[in-house]
């Protein structure tokens, strides 16, 4: 018999409230749903405070052995349907400290590779960028915007879209002027992507400490980045479309940087 079977239980109502940003911000937590996402978060050192699992849905409860300090509660299928936020849930939901840190807490290495995304708000795009960034071994992902509230990295949909990599990559958000100042203090070049870039991507030097800057598909980066750029690059477009989805553009630029750096290190 599961520990929790009533959807009217206060703990169920608490978990539902955590879908809203103000409640997550107040508690300093996020929700991690899904076996794979939770496993990756654990690999990254995340320590959930609460774990809810549905015996009727979970095929192998082995993850429980990796969370000895968490408050573990088994729930009925009906309760899990209430607390789950995605389709086809697999019976795992955890409450964990929210990802992200202050910008100045980021410490990129001497050959830094940083992804800066300006004005990216859709959880799907943010999550896809994080997955690519983790695959490329970036030092950090920074979301720049005019909004002081910053990007909600604790949004459960960001956690889901990133497949949990939001916990494996150092992340921060700040205003564009703050990010520019941070890059200058660390002597990291700003390599800004724009259709009017002065250099085609494959011919640009992406080795050395670099921040690859991506804007929105609709409007690109703001003038502040174009003015402050150390160099601007253009992704070659051979077809009739004139732009790529922001997360796709980030993937193209990041993997070109990885290619160049691997070629340099092998010489």
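No lab work stands behind these numbers, since they all come straight from the coordinates. Bear in mind that the values here come from a model prediction, so they are computed numbers and not experimental data. Backbone-built Cβ (ideal geometry, glycine too); neighbour counts: all protein chains shown.
Region 218-237 to region 58-104: how many Å between their Cα centroids?
Going from one Cα centre to the other spans 40 Å.
I'd like to compare 52-61, 33-42, 114-123: which one has the highest average count of other Cβ atoms within 10 Å, and what's the full order after that?
Details: 52-61: 16.4, 33-42: 20.5, 114-123: 22.3.
Going from most to least packed, we get 114-123, 33-42, 52-61.
Go ahead and estimate [θ] at 222 nm for the chain from helices alone: -39,500 (n - 2.57) per DSSP H run with n ≥ 4, summed, over the residue count, rounded to 500. Kindly include the intermediate steps, with their values, before the conclusion.
Details: 9 runs with 87 residues, N = 267.
After summing the helix terms and dividing by the residues of the chain, the value is -9500 deg cm²/dmol.
Restricting to the chain, what percent of DSSP beta bridges are antiparallel, rounded to 5?
Values: 10 of 39 bridges.
Close to 25 percent.
On C-alpha positions alone, give me the angle between the axis of helix 246-265 and the longest principal axis of the chain, in degrees, nearest 10.
Compared with the principal axis, the helix lies near 70 degrees.
If packing is taken as the mean number of other Cβ atoms within 10 Å per residue, what is the order of 158-164, 10-16, highest first?
On the way: 158-164: 24.0, 10-16: 15.1.
By packing density, highest mean first, the sequence is 158-164, 10-16.
On C-alpha positions alone, give me the angle between the axis of helix 123-136 and the longest principal axis of the chain, in degrees, nearest 10.
70
Which order do 90, 69, 230 fall in if you start with the one that has the fewest other Cβ atoms within 10 Å?
Starting with the residue having the fewest Cβ neighbours, the order is 69, 230, 90.
At 7 Å along the Cα-to-beta-carbon direction for both residue 19 and residue 259, put a label point, then send me their distance in nm to one decimal.
Placing both labels 7 Å beyond Cα along the Cβ direction yields 4.3 nm.
Treating the angle as unsigned and between 0 and 90°, give the value, to the nearest 10°, between the Cα long axis of helix 176-185 and the longest Cα principal axis of the chain.
70
Which label belongs to the value computed from this structure, given these candidates for Rg and Dmax of the Cα atoms in Å: (1) 25.5, 80; (2) 20.3, 65; (3) 17.7, 54?
The value matching this structure is (2).
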